[in-house]
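A short write-up of the structure that comes next.
The values are calculated or read from the model by the stated rules, or taken from the named source; none is laboratory data. Keep in mind the model is a prediction, meaning the values are calculated, not measured. Note that each Cβ is placed from the backbone with ideal geometry, even for glycine, and that neighbours are counted across all protein chains shown. Accessible surface is based on the protein model in full, side chains and every heavy atom, while ligands, DNA and RNA are left aside. Shrake-Rupley method; radii C 1.70, N 1.55, O 1.52, S 1.80 Å.
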Number of protein chains: 2
Amino acid sequence: MIKVRANKYHVIYKEWAEKIKTGELKAGDTIPSENDLAQIYGTSRETIRKALNLLAQNGFIQKIRGKGSVILDVQKMSFPISGLVSFKEISKGFQAEATTTVHDIGLIKPDAFLMQQLQASKKDEIWKVIRSRKIGDERIILDKDYFLKKHVPMLTKQICESSIYDYLEHNLQLSISFAKKEIVVEECTEEDYKHLDLEGFTHIVVVKNYVYLENTSLFQYTESRHRLDKFRFVDFARRGV
Amino acid sequence: MIKVRANKYHVIYKEWAEKIKTGELKAGDTIPSENDLAQIYGTSRETIRKALNLLAQNGFIQKIRGKGSVILDVQKMSFPISGLVSFKEISKGFQAEATTTVHDIGLIKPDAFLMQQLQASKKDEIWKVIRSRKIGDERIILDKDYFLKKHVPMLTKQICESSIYDYLEHNLQLSISFAKKEIVVEECTEEDYKHLDLEGFTHIVVVKNYVYLENTSLFQYTESRHRLDKFRFVDFARRGV
DNA sequence: AAGTGGTCTAGACCACGAT
DNA sequence: TCGTGGTCTAGACCACTTA
(Lines give C-alpha, C1' and ligand atoms only; values in the text may rest on other atoms or scores of the structure.)
Protein backbone atom coordinates (compact mmCIF):
# COMPACT_ATOMS: atom_id res chain seq x y z
CA MET A 1 0.00 0.00 0.00
CA ILE A 2 2.76 2.40 0.87
CA LYS A 3 4.65 3.77 -2.07
CA VAL A 4 8.30 2.91 -1.81
CA ARG A 5 10.89 4.77 -3.73
CA ALA A 6 13.47 2.25 -4.84
CA ASN A 7 15.81 4.67 -6.60
CA LYS A 8 19.40 3.90 -5.87
CA TYR A 9 20.21 7.41 -4.74
CA HIS A 10 17.16 7.50 -2.51
CA VAL A 11 18.07 4.23 -0.85
CA ILE A 12 21.59 5.45 -0.22
CA TYR A 13 20.24 8.72 1.15
CA LYS A 14 17.92 6.95 3.58
CA GLU A 15 20.68 4.63 4.69
CA TRP A 16 23.07 7.42 5.67
CA ALA A 17 20.35 9.68 7.03
CA GLU A 18 19.44 6.85 9.37
CA LYS A 19 23.03 6.31 10.47
CA ILE A 20 23.32 9.98 11.32
CA LYS A 21 19.94 10.30 13.01
CA THR A 22 20.53 7.33 15.29
CA GLY A 23 23.90 8.67 16.32
CA GLU A 24 25.79 5.72 14.88
CA LEU A 25 27.86 8.41 13.17
CA LYS A 26 28.77 11.47 15.17
CA ALA A 27 28.96 15.14 14.29
CA GLY A 28 32.40 16.02 12.98
CA ASP A 29 33.06 12.62 11.45
CA THR A 30 33.47 12.41 7.71
CA ILE A 31 31.72 9.91 5.52
CA PRO A 32 33.61 8.04 2.78
CA SER A 33 34.53 10.00 -0.32
CA GLU A 34 32.25 10.03 -3.32
CA ASN A 35 34.58 7.78 -5.25
CA ASP A 36 34.72 5.29 -2.41
CA LEU A 37 30.96 5.29 -2.06
CA ALA A 38 30.56 4.78 -5.79
CA GLN A 39 32.74 1.69 -5.51
CA ILE A 40 31.04 0.41 -2.36
CA TYR A 41 27.59 0.65 -3.89
CA GLY A 42 28.68 -0.25 -7.41
CA THR A 43 27.14 2.88 -8.86
CA SER A 44 28.37 5.89 -10.76
CA ARG A 45 29.61 8.91 -8.89
CA GLU A 46 26.72 11.10 -10.07
CA THR A 47 24.27 8.78 -8.37
CA ILE A 48 26.23 9.01 -5.13
CA ARG A 49 26.24 12.76 -5.51
CA LYS A 50 22.46 12.87 -5.75
CA ALA A 51 22.26 11.04 -2.44
CA LEU A 52 24.82 13.29 -0.78
CA ASN A 53 23.12 16.42 -2.08
CA LEU A 54 19.94 15.30 -0.42
CA LEU A 55 21.82 14.78 2.82
CA ALA A 56 23.32 18.25 2.52
CA GLN A 57 19.99 19.91 1.71
CA ASN A 58 18.38 18.35 4.74
CA GLY A 59 21.12 19.39 7.10
CA PHE A 60 22.76 16.03 7.69
CA ILE A 61 26.14 16.78 6.18
CA GLN A 62 28.29 19.62 4.92
CA LYS A 63 30.30 18.98 1.79
CA ILE A 64 33.70 20.62 1.76
CA ARG A 65 35.77 20.88 -1.38
CA GLY A 66 39.11 19.14 -1.12
CA LYS A 67 38.25 17.58 2.20
CA GLY A 68 35.14 15.48 2.23
CA SER A 69 31.64 15.40 3.67
CA VAL A 70 31.37 16.25 7.35
CA ILE A 71 28.48 15.12 9.50
CA LEU A 72 26.55 17.95 11.16
CA ASP A 73 24.97 18.05 14.59
CA VAL A 74 21.44 17.03 13.83
CA GLN A 75 20.16 16.55 17.36
CA LYS A 76 18.75 20.01 17.98
CA MET A 77 16.46 19.77 15.03
CA SER A 78 13.53 18.09 16.73
CA PHE A 79 9.90 19.10 16.21
CA PRO A 80 10.06 20.50 12.72
CA ILE A 81 6.87 21.98 11.41
CA SER A 82 9.26 22.74 8.66
CA GLY A 83 8.95 21.03 5.36
CA LEU A 84 5.56 19.51 4.99
CA VAL A 85 4.52 17.29 7.81
CA SER A 86 1.16 16.50 9.29
CA PHE A 87 0.30 16.72 12.97
CA LYS A 88 0.30 12.96 13.24
CA GLU A 89 3.86 12.80 12.01
CA ILE A 90 4.95 15.62 14.28
CA SER A 91 3.33 14.22 17.37
CA LYS A 92 5.45 11.11 17.19
CA GLY A 93 8.22 13.28 18.55
CA PHE A 94 6.28 14.39 21.62
CA GLN A 95 6.84 13.00 25.05
CA ALA A 96 3.26 13.42 26.17
CA GLU A 97 0.26 11.73 24.67
CA ALA A 98 -1.45 13.66 21.89
CA THR A 99 -5.14 13.30 21.16
CA THR A 100 -7.39 14.80 18.52
CA THR A 101 -10.99 15.93 18.95
CA VAL A 102 -13.22 16.60 15.96
CA HIS A 103 -15.59 19.50 16.67
CA ASP A 104 -17.10 20.01 13.28
CA ILE A 105 -17.09 18.24 9.94
CA GLY A 106 -19.31 18.88 6.97
CA LEU A 107 -19.81 20.12 3.45
CA ILE A 108 -20.23 23.85 3.00
CA LYS A 109 -20.46 26.45 0.29
CA PRO A 110 -17.48 28.78 0.25
CA ASP A 111 -17.83 32.31 1.57
CA ALA A 112 -15.83 35.15 0.06
CA PHE A 113 -12.80 34.40 2.21
CA LEU A 114 -12.65 30.74 1.27
CA MET A 115 -13.29 31.42 -2.39
CA GLN A 116 -10.22 33.56 -2.36
CA GLN A 117 -8.05 31.23 -0.30
CA LEU A 118 -8.96 28.15 -2.30
CA GLN A 119 -9.42 29.87 -5.65
CA ALA A 120 -12.85 28.27 -5.68
CA SER A 121 -16.10 29.25 -7.37
CA LYS A 122 -19.60 29.52 -5.85
CA LYS A 123 -20.43 26.11 -7.25
CA ASP A 124 -17.58 24.34 -5.52
CA GLU A 125 -18.37 22.36 -2.43
CA ILE A 126 -15.91 22.32 0.40
CA TRP A 127 -15.20 19.99 3.28
CA LYS A 128 -14.76 21.90 6.50
CA VAL A 129 -13.07 20.19 9.44
CA ILE A 130 -12.46 21.75 12.84
CA ARG A 131 -10.23 19.84 15.22
CA SER A 132 -8.41 20.54 18.45
CA ARG A 133 -5.23 18.85 19.57
CA LYS A 134 -4.63 18.01 23.17
CA ILE A 135 -1.09 17.43 24.35
CA GLY A 136 -0.68 16.25 27.87
CA ASP A 137 -3.88 17.59 29.43
CA GLU A 138 -4.09 20.92 27.62
CA ARG A 139 -5.87 21.74 24.39
CA ILE A 140 -3.19 23.68 22.59
CA ILE A 141 -3.73 23.57 18.82
CA LEU A 142 -6.83 24.33 16.79
CA ASP A 143 -6.78 23.06 13.23
CA LYS A 144 -9.20 24.40 10.65
CA ASP A 145 -9.02 22.45 7.39
CA TYR A 146 -10.81 23.14 4.13
CA PHE A 147 -10.69 20.66 1.23
CA LEU A 148 -12.18 21.06 -2.22
CA LYS A 149 -14.74 18.29 -2.67
CA LYS A 150 -13.76 17.76 -6.27
CA HIS A 151 -10.47 16.39 -4.95
CA VAL A 152 -11.71 14.81 -1.73
CA PRO A 153 -15.16 13.32 -2.41
CA MET A 154 -15.67 11.74 1.01
CA LEU A 155 -14.52 12.38 4.56
CA THR A 156 -15.62 10.86 7.86
CA LYS A 157 -15.21 11.75 11.50
CA GLN A 158 -13.18 8.63 11.98
CA ILE A 159 -10.70 9.62 9.30
CA CYS A 160 -10.31 13.06 10.83
CA GLU A 161 -9.59 11.58 14.22
CA SER A 162 -6.58 9.72 12.92
CA SER A 163 -4.62 11.20 10.02
CA ILE A 164 -6.31 12.84 7.06
CA TYR A 165 -3.04 12.78 5.19
CA ASP A 166 -2.69 9.05 5.55
CA TYR A 167 -6.14 8.72 4.05
CA LEU A 168 -5.49 11.15 1.20
CA GLU A 169 -2.22 9.60 0.17
CA HIS A 170 -2.89 5.94 0.73
CA ASN A 171 -6.60 5.56 0.08
CA LEU A 172 -7.33 8.35 -2.38
CA GLN A 173 -3.87 8.10 -3.96
CA LEU A 174 -3.57 11.87 -3.99
CA SER A 175 -0.04 13.09 -4.57
CA ILE A 176 0.59 16.00 -2.29
CA SER A 177 3.46 17.87 -3.78
CA PHE A 178 4.18 21.26 -2.28
CA ALA A 179 2.79 23.97 -0.04
CA LYS A 180 3.05 27.65 0.64
CA LYS A 181 3.23 28.35 4.34
CA GLU A 182 2.68 31.60 6.18
CA ILE A 183 3.17 32.22 9.90
CA VAL A 184 1.59 35.23 11.58
CA VAL A 185 0.20 36.16 14.99
CA GLU A 186 -3.48 37.10 15.33
CA GLU A 187 -5.92 38.02 18.07
CA CYS A 188 -7.77 35.06 19.51
CA THR A 189 -11.28 34.47 18.19
CA GLU A 190 -14.38 33.19 19.98
CA GLU A 191 -13.65 29.84 18.38
CA ASP A 192 -10.18 29.77 19.92
CA TYR A 193 -11.57 30.52 23.38
CA LYS A 194 -14.18 27.84 22.95
CA HIS A 195 -11.95 24.99 21.91
CA LEU A 196 -8.59 25.75 23.51
CA ASP A 197 -7.15 26.21 26.99
CA LEU A 198 -5.75 29.66 26.37
CA GLU A 199 -4.50 30.42 29.89
CA GLY A 200 -5.08 34.12 29.46
CA PHE A 201 -3.23 34.57 26.19
CA THR A 202 -4.93 37.13 23.97
CA HIS A 203 -3.02 36.28 20.79
CA ILE A 204 -2.35 33.10 18.89
CA VAL A 205 0.20 31.91 16.34
CA VAL A 206 -1.47 31.03 13.05
CA VAL A 207 0.21 28.79 10.50
CA LYS A 208 -1.58 29.11 7.17
CA ASN A 209 -0.98 26.39 4.64
CA TYR A 210 -1.90 26.31 0.99
CA VAL A 211 -1.40 22.75 -0.19
CA TYR A 212 -1.02 21.72 -3.83
CA LEU A 213 -1.15 18.44 -5.71
CA GLU A 214 1.39 17.22 -8.24
CA ASN A 215 -0.62 18.66 -11.09
CA THR A 216 -0.34 22.08 -9.44
CA SER A 217 -3.98 22.30 -8.43
CA LEU A 218 -4.66 23.81 -5.02
CA PHE A 219 -6.77 21.42 -3.03
CA GLN A 220 -6.50 22.41 0.62
CA TYR A 221 -6.32 25.47 2.79
CA THR A 222 -5.46 24.98 6.46
CA GLU A 223 -5.07 27.17 9.49
CA SER A 224 -3.18 25.65 12.38
CA ARG A 225 -3.63 27.86 15.44
CA HIS A 226 -1.07 27.35 18.22
CA ARG A 227 -1.09 28.74 21.74
CA LEU A 228 1.76 31.25 21.99
CA ASP A 229 3.79 29.51 24.65
CA LYS A 230 3.60 26.12 22.98
CA PHE A 231 4.58 27.16 19.50
CA ARG A 232 7.95 26.25 18.06
CA PHE A 233 9.14 26.21 14.49
CA VAL A 234 12.51 24.83 13.50
CA ASP A 235 14.15 25.17 10.13
CA PHE A 236 17.39 24.42 8.37
CA ALA A 237 18.40 26.76 5.58
CA ARG A 238 21.29 27.05 3.16
CA ARG A 239 22.42 30.42 1.95
CA GLY A 240 22.16 31.59 -1.60
CA VAL A 241 19.85 29.82 -3.95
CA MET B 1 34.47 42.17 -5.60
CA ILE B 2 31.27 40.24 -5.79
CA LYS B 3 31.64 36.56 -6.37
CA VAL B 4 29.80 35.56 -9.52
CA ARG B 5 28.82 32.00 -10.14
CA ALA B 6 29.35 31.32 -13.81
CA ASN B 7 28.18 27.73 -13.86
CA LYS B 8 26.04 26.98 -16.84
CA TYR B 9 23.21 25.56 -14.81
CA HIS B 10 23.28 28.49 -12.44
CA VAL B 11 23.14 30.99 -15.29
CA ILE B 12 20.20 29.17 -16.82
CA TYR B 13 18.48 29.05 -13.44
CA LYS B 14 18.88 32.78 -12.91
CA GLU B 15 17.66 33.54 -16.40
CA TRP B 16 14.38 31.66 -16.00
CA ALA B 17 13.89 32.68 -12.37
CA GLU B 18 14.06 36.29 -13.58
CA LYS B 19 11.56 35.68 -16.37
CA ILE B 20 9.13 34.23 -13.89
CA LYS B 21 9.67 36.83 -11.18
CA THR B 22 9.13 39.74 -13.54
CA GLY B 23 5.92 38.21 -14.84
CA GLU B 24 7.25 37.86 -18.39
CA LEU B 25 6.06 34.29 -18.02
CA LYS B 26 2.76 33.68 -16.30
CA ALA B 27 1.57 31.03 -13.89
CA GLY B 28 0.18 28.06 -15.76
CA ASP B 29 2.44 28.45 -18.77
CA THR B 30 4.92 25.71 -19.50
CA ILE B 31 8.58 26.26 -20.24
CA PRO B 32 10.30 24.41 -23.11
CA SER B 33 11.05 20.75 -22.59
CA GLU B 34 14.39 19.64 -21.20
CA ASN B 35 15.47 18.38 -24.60
CA ASP B 36 14.56 21.67 -26.25
CA LEU B 37 16.39 23.65 -23.60
CA ALA B 38 19.45 21.43 -23.98
CA GLN B 39 19.47 22.26 -27.68
CA ILE B 40 18.81 25.96 -27.15
CA TYR B 41 21.67 26.33 -24.69
CA GLY B 42 23.92 23.79 -26.38
CA THR B 43 24.34 21.79 -23.18
CA SER B 44 23.59 18.28 -22.04
CA ARG B 45 20.22 17.47 -20.60
CA GLU B 46 21.61 16.79 -17.14
CA THR B 47 22.85 20.35 -16.94
CA ILE B 48 19.41 21.65 -17.88
CA ARG B 49 17.94 19.39 -15.25
CA LYS B 50 20.14 20.91 -12.56
CA ALA B 51 18.79 24.33 -13.46
CA LEU B 52 15.19 23.15 -13.51
CA ASN B 53 15.58 21.34 -10.20
CA LEU B 54 16.73 24.60 -8.65
CA LEU B 55 13.65 26.32 -10.07
CA ALA B 56 11.43 23.59 -8.66
CA GLN B 57 13.09 23.67 -5.23
CA ASN B 58 12.57 27.39 -4.98
CA GLY B 59 8.94 27.27 -5.96
CA PHE B 60 9.17 28.71 -9.45
CA ILE B 61 8.01 25.68 -11.40
CA GLN B 62 6.40 22.29 -10.95
CA LYS B 63 7.77 19.48 -13.08
CA ILE B 64 5.14 17.02 -14.26
CA ARG B 65 6.07 13.68 -15.75
CA GLY B 66 4.93 13.25 -19.31
CA LYS B 67 3.76 16.84 -19.57
CA GLY B 68 6.41 19.41 -18.89
CA SER B 69 7.35 22.09 -16.41
CA VAL B 70 4.55 24.40 -15.33
CA ILE B 71 5.17 27.85 -13.94
CA LEU B 72 3.77 28.43 -10.46
CA ASP B 73 2.20 31.54 -9.02
CA VAL B 74 5.15 33.16 -7.33
CA GLN B 75 3.59 36.52 -6.50
CA LYS B 76 2.31 35.74 -3.02
CA MET B 77 5.72 34.83 -1.79
CA SER B 78 6.92 38.29 -0.82
CA PHE B 79 8.81 39.03 2.42
CA PRO B 80 10.49 35.73 3.02
CA ILE B 81 12.51 35.48 6.19
CA SER B 82 12.76 32.02 4.80
CA GLY B 83 16.02 30.72 3.52
CA LEU B 84 18.85 32.83 4.80
CA VAL B 85 18.46 36.51 4.16
CA SER B 86 19.63 39.51 6.10
CA PHE B 87 17.43 42.39 7.16
CA LYS B 88 18.94 44.60 4.49
CA GLU B 89 17.92 42.19 1.80
CA ILE B 90 14.46 41.78 3.25
CA SER B 91 13.82 45.48 3.65
CA LYS B 92 14.19 46.01 -0.08
CA GLY B 93 10.73 44.55 -0.34
CA PHE B 94 9.14 47.02 2.08
CA GLN B 95 7.02 49.91 1.01
CA ALA B 96 8.01 52.14 3.89
CA GLU B 97 11.50 53.37 4.65
CA ALA B 98 13.52 51.17 6.98
CA THR B 99 16.24 52.53 9.24
CA THR B 100 18.63 50.90 11.65
CA THR B 101 19.78 52.25 15.01
CA VAL B 102 22.80 50.80 16.80
CA HIS B 103 22.29 50.82 20.57
CA ASP B 104 25.25 48.83 21.70
CA ILE B 105 28.38 47.43 20.15
CA GLY B 106 31.38 46.00 21.90
CA LEU B 107 33.55 43.04 22.86
CA ILE B 108 32.39 40.92 25.74
CA LYS B 109 33.22 37.71 27.54
CA PRO B 110 30.55 35.07 27.11
CA ASP B 111 28.19 34.25 29.96
CA ALA B 112 26.86 30.76 30.44
CA PHE B 113 24.02 31.31 27.97
CA LEU B 114 26.29 32.52 25.19
CA MET B 115 28.88 29.86 25.82
CA GLN B 116 26.18 27.34 25.17
CA GLN B 117 24.63 29.06 22.17
CA LEU B 118 27.96 29.71 20.47
CA GLN B 119 29.76 26.62 21.73
CA ALA B 120 32.38 29.02 23.00
CA SER B 121 34.91 28.78 25.82
CA LYS B 122 35.64 31.29 28.59
CA LYS B 123 38.63 32.52 26.64
CA ASP B 124 36.67 33.42 23.53
CA GLU B 125 35.84 37.02 22.94
CA ILE B 126 32.54 37.91 21.41
CA TRP B 127 31.22 40.89 19.50
CA LYS B 128 27.84 41.94 20.83
CA VAL B 129 25.64 44.16 18.67
CA ILE B 130 22.21 45.46 19.65
CA ARG B 131 20.21 47.17 16.93
CA SER B 132 16.62 48.24 16.44
CA ARG B 133 14.86 48.48 13.10
CA LYS B 134 12.38 51.20 12.40
CA ILE B 135 9.88 50.71 9.61
CA GLY B 136 7.73 53.67 8.79
CA ASP B 137 7.80 55.51 12.11
CA GLU B 138 7.66 52.57 14.48
CA ARG B 139 10.50 50.64 16.05
CA ILE B 140 9.42 47.09 15.39
CA ILE B 141 12.39 44.74 15.37
CA LEU B 142 15.19 44.30 17.91
CA ASP B 143 18.23 42.44 16.64
CA LYS B 144 20.76 41.00 19.07
CA ASP B 145 23.83 39.65 17.29
CA TYR B 146 26.78 37.79 18.75
CA PHE B 147 29.87 37.00 16.66
CA LEU B 148 32.91 35.02 17.69
CA LYS B 149 35.89 37.35 17.49
CA LYS B 150 38.13 34.64 16.10
CA HIS B 151 36.05 34.80 12.96
CA VAL B 152 35.18 38.49 12.97
CA PRO B 153 38.21 40.41 14.27
CA MET B 154 36.84 43.91 13.77
CA LEU B 155 33.42 45.55 13.73
CA THR B 156 32.43 49.21 13.69
CA LYS B 157 29.25 51.13 14.34
CA GLN B 158 29.20 52.20 10.73
CA ILE B 159 29.26 48.62 9.49
CA CYS B 160 26.42 47.70 11.79
CA GLU B 161 24.31 50.56 10.52
CA SER B 162 24.41 49.24 6.98
CA SER B 163 24.71 45.52 6.42
CA ILE B 164 26.96 43.33 8.52
CA TYR B 165 26.50 40.52 6.04
CA ASP B 166 27.77 42.60 3.15
CA TYR B 167 30.86 43.31 5.22
CA LEU B 168 31.39 39.70 6.25
CA GLU B 169 31.01 38.28 2.79
CA HIS B 170 32.69 40.94 0.70
CA ASN B 171 35.35 42.40 2.96
CA LEU B 172 36.19 39.50 5.25
CA GLN B 173 35.51 36.93 2.53
CA LEU B 174 33.64 34.75 4.99
CA SER B 175 31.56 32.07 3.34
CA ILE B 176 28.29 31.83 5.16
CA SER B 177 26.91 28.45 4.37
CA PHE B 178 23.91 27.37 6.41
CA ALA B 179 21.86 28.17 9.47
CA LYS B 180 19.54 26.58 11.95
CA LYS B 181 16.53 28.72 12.65
CA GLU B 182 14.05 28.53 15.50
CA ILE B 183 10.91 30.61 15.91
CA VAL B 184 9.22 30.92 19.30
CA VAL B 185 7.18 33.48 21.24
CA GLU B 186 8.54 34.89 24.49
CA GLU B 187 7.56 37.44 27.10
CA CYS B 188 8.90 40.89 26.41
CA THR B 189 12.04 41.87 28.32
CA GLU B 190 13.08 45.24 29.74
CA GLU B 191 15.31 45.59 26.70
CA ASP B 192 12.37 45.13 24.35
CA TYR B 193 10.36 47.81 26.16
CA LYS B 194 13.32 50.15 26.07
CA HIS B 195 14.12 49.92 22.38
CA LEU B 196 10.82 49.10 20.72
CA ASP B 197 7.37 50.68 20.34
CA LEU B 198 5.48 47.75 21.75
CA GLU B 199 1.97 49.26 21.75
CA GLY B 200 0.91 47.22 24.75
CA PHE B 201 1.97 43.83 23.48
CA THR B 202 3.27 41.65 26.29
CA HIS B 203 4.84 38.98 24.08
CA ILE B 204 7.24 39.04 21.18
CA VAL B 205 8.18 36.71 18.33
CA VAL B 206 11.79 35.61 18.58
CA VAL B 207 13.69 34.23 15.60
CA LYS B 208 16.85 32.52 16.80
CA ASN B 209 19.53 31.90 14.24
CA TYR B 210 22.64 29.78 14.50
CA VAL B 211 24.83 30.62 11.53
CA TYR B 212 27.63 28.43 10.23
CA LEU B 213 30.52 28.90 7.83
CA GLU B 214 31.47 26.58 4.99
CA ASN B 215 33.91 24.72 7.20
CA THR B 216 31.00 23.94 9.56
CA SER B 217 32.21 26.23 12.34
CA LEU B 218 29.50 28.12 14.18
CA PHE B 219 30.36 31.79 14.12
CA GLN B 220 27.21 33.72 14.93
CA TYR B 221 24.17 33.54 17.16
CA THR B 222 21.37 36.01 16.52
CA GLU B 223 18.03 36.81 18.07
CA SER B 224 15.68 38.80 15.91
CA ARG B 225 12.77 39.99 18.05
CA HIS B 226 9.65 41.06 16.15
CA ARG B 227 6.56 42.81 17.45
CA LEU B 228 3.66 40.36 17.27
CA ASP B 229 1.48 42.24 14.84
CA LYS B 230 4.31 42.97 12.42
CA PHE B 231 5.73 39.50 12.17
CA ARG B 232 5.28 37.44 9.04
CA PHE B 233 7.15 34.38 7.89
CA VAL B 234 6.63 32.88 4.45
CA ASP B 235 7.93 29.57 3.28
CA PHE B 236 7.76 27.23 0.33
CA ALA B 237 8.07 23.54 1.07
CA ARG B 238 8.06 20.34 -0.94
CA ARG B 239 6.74 17.14 0.55
CA GLY B 240 8.80 14.06 1.10
CA VAL B 241 12.47 13.88 1.96
C1' DA C 1 3.40 6.22 -31.05
C1' DA C 2 5.66 10.26 -29.71
C1' DG C 3 7.06 13.35 -26.29
C1' DT C 4 7.81 14.37 -21.52
C1' DG C 5 10.44 14.15 -17.18
C1' DG C 6 13.18 10.50 -13.85
C1' DT C 7 17.11 7.64 -13.27
C1' DC C 8 21.68 6.03 -14.21
C1' DT C 9 26.19 5.47 -16.43
C1' DA C 10 31.35 6.01 -17.42
C1' DG C 11 34.01 9.13 -18.40
C1' DA C 12 36.26 13.98 -18.45
C1' DC C 13 38.20 18.32 -16.66
C1' DC C 14 38.30 21.71 -12.96
C1' DA C 15 39.12 24.17 -8.22
C1' DC C 16 40.46 23.39 -3.92
C1' DG C 17 42.81 21.43 0.45
C1' DA C 18 46.25 18.62 2.51
C1' DT C 19 50.94 16.73 2.29
C1' DT D 1 51.35 15.92 -6.00
C1' DC D 2 47.26 13.53 -4.77
C1' DG D 3 42.60 13.16 -3.22
C1' DT D 4 38.50 15.72 -2.53
C1' DG D 5 34.13 17.62 -4.19
C1' DG D 6 31.99 20.63 -8.43
C1' DT D 7 30.71 20.76 -13.17
C1' DC D 8 29.61 18.81 -17.55
C1' DT D 9 28.89 15.45 -21.28
C1' DA D 10 26.47 12.04 -24.57
C1' DG D 11 24.10 8.51 -24.29
C1' DA D 12 20.82 4.90 -22.42
C1' DC D 13 16.48 3.02 -20.51
C1' DC D 14 12.28 3.81 -17.93
C1' DA D 15 7.41 5.60 -16.49
C1' DC D 16 4.17 8.53 -17.59
C1' DT D 17 0.79 11.63 -20.45
C1' DT D 18 -1.24 12.86 -24.63
C1' DA D 19 -2.88 12.23 -29.01
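Please calculate how many Å² of accessible area chain B carries per residue, with a 1.4 Å probe and no DNA, RNA or ligand atoms counted.
Dividing the accessible area of chain B by its residue count gives 51 Å².
Kindly point out which whole DSSP H helices in chain A project their C-alpha atoms 15 angstrom or further along the helix axis while averaging a Kyte-Doolittle hydropathy of -1.0 or above.
A:45-57
Counting Lys and Arg as +1 and Asp and Glu as -1, each charge on the Cβ, what is the dipole of the protein assembly as shown about the Cα centre in debye, to the nearest 20? If you can, show how the numbers build up before the last one.
On the way: 76 positive and 66 negative charges, 365 e Å.
Charge dipole, the protein assembly as shown, about its Cα centre: 1760 debye, nearest 20.
Please say if the protein assembly as shown is rounded, prolate or oblate, where rounded means a/c under 1.5 for a ≥ b ≥ c the square roots of the C-alpha gyration tensor eigenvalues, and otherwise the choice is prolate for a/b larger than b/c and oblate otherwise?
rounded
Are there GluC sites (Glu not before Pro) in the range A:196-227 that DSSP marks as loop and that have at most 11 other Cβ atoms within 10 Å, and which are they? Numbers along the way, then the final one.
Working: sites: A:Glu199, A:Glu214, A:Glu223; in loops: A:Glu199, A:Glu214.
Listed in order of number, the matching sites are A:Glu199.
Please compute the modelled spin-label separation between B:Lys19 and B:Thr99, points set 7 Å along Cα→Cβ, answer in nm with one decimal.
4.3
Using the charge dipole of the range B:132-241 (Lys, Arg: +1 at Cβ; Asp, Glu: -1 at Cβ; taken about the Cα centre), state which of B:Leu142, B:Ser163, B:Val152 has its Cα farthest towards the positive end.
B:Val152
From the label point of A:Glu199, set 7 Å from Cα along Cα→Cβ, how far away are the matching label points in the other copies, in nm, ordered shortest to longest?
Distances to the matching label points in the other copies: 2.6 nm.
Taking a 32 Å limit on the Cα-Cα distance, which of the listed pairs A:Lys63/B:Lys181; A:Lys26/B:Lys19; A:Lys21/A:Lys128; B:Lys157/B:Lys230; B:Lys50/B:Lys157 fall beyond it?
A:Lys26/B:Lys19; A:Lys21/A:Lys128; B:Lys50/B:Lys157
In Å², nearest 100, what accessible area do chains B and A bury in total when the solvent probe is 1.4 Å?
Working: alone 14420 and 14410 Å², together 24500 Å².
Buried surface at the B/A interface: approximately 4300 Å².
Going 7 Å from Cα along the Cα-Cβ axis for the label, what nanometre distances separate A:Ile64 from the same residue across the other copies?
4.5
Which of A:Asp124, A:Asp166, A:Asp192 ends up with the largest GNM mean-square fluctuation for chain A, with Cα atoms connected below 10 Å?
Between A:Asp124, A:Asp166, A:Asp192, it is A:Asp124 that shows the largest mean-square fluctuation.
Each label point is 7 Å from the Cα along the Cα-to-Cβ direction; what then is the distance between the points at A:Glu214 and A:Glu190, in nm?
4.4
Provide an ascending nm list, one decimal, of label-point separations from A:Lys8 to the equivalent residue in each further copy; define each label point as 7 Å from Cα along Cα→Cβ.
2.2
To the nearest 20 debye, what charge dipole does chain A have about its Cα centre, counting +1 at the Cβ of each Lys and Arg and -1 at the Cβ of each Asp and Glu? Intermediate values should be presented prior to the final figure.
Working: 38 positive and 33 negative charges, 194 e Å.
Using Cβ point charges on Lys, Arg, Asp and Glu, chain A gives about 920 debye.
Using only the Cα atoms of the range B:142-241, build the gyration tensor, take square roots of its eigenvalues as a ≥ b ≥ c, and label the shape rounded, prolate or oblate: rounded if a/c is under 1.5, else prolate if a/b is larger than b/c, else oblate. Please report the intermediate quantities before stating the final value.
Values: a/c = 2.29, a/b = 1.28, b/c = 1.79.
Verdict is oblate for the range B:142-241.
Round to the nearest 0.05 the FRET efficiency obtained for B:Ser162 and A:Gln39 when R0 = 56 Å and r is the Cβ-Cβ distance.
The value I calculate is 0.65.
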